[in-house]
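The values are calculated or read from the model by the stated rules, or taken from the named source; none is laboratory data. In this text the structure is predicted, and so the values were computed from the model without any measurement. Glycine gets a Cβ as well: all are built from the backbone with ideal geometry, and neighbour counts include every protein chain shown. Ligands, DNA and RNA are stripped out before the accessible areas are found, and what is left, the full protein with its side chains, is counted by its heavy atoms. Shrake-Rupley method; radii C 1.70, N 1.55, O 1.52, S 1.80 Å.
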Amino acid sequence: MSTGIFSLPYCVSADVQGLIFDFDGTLVDSMPANLASWQEAFAAFGREFDESFFYTHAGVSLVGVVKLYN
């Protein structure tokens, strides 16, 4: 079992017959909502979060984005 900061133990019941994985944009495009949350968080500190930066670094982890932005 993994105990990292963003890890969860995974346990699937034996009666489960299938799983659906939604890679962003396959079923739901959450990128606009994700961008809005970054912009809102930055605005709280009087900063702007650039949309082109966001889409250029799509797929980068939260920690990775913060490191790149700093």
Accessible surface of Leu68 - all protein chains present, 1.4 Å probe, nearest 10 Å²: 90 Å²
Bins of 5 Å from zero: percent of alpha-carbon pairs in the chain: 3, 12, 17, 19, 16, 14, 9, 6, 3, 1, 0
Sparse-neighbourhood loop sites, chymotrypsin sites (Phe, Trp or Tyr not before Pro) in segment 30-66 - DSSP loop, at most 11 other Cβ within 10 angstrom: Phe45
Estimated 222 nm signal from helices in the chain, with DSSP H stretches of n ≥ 4 weighted -39500 (n - 2.57), rounded to 500: -11000 deg cm²/dmol
About the Cα centre, charge dipole magnitude for the chain (Lys/Arg +1, Asp/Glu -1 at Cβ), debye: 300 debye
Selected from Gly25, Val65, Ser13, residue furthest toward positive end of dipole (the chain; charges at beta carbon): Val65
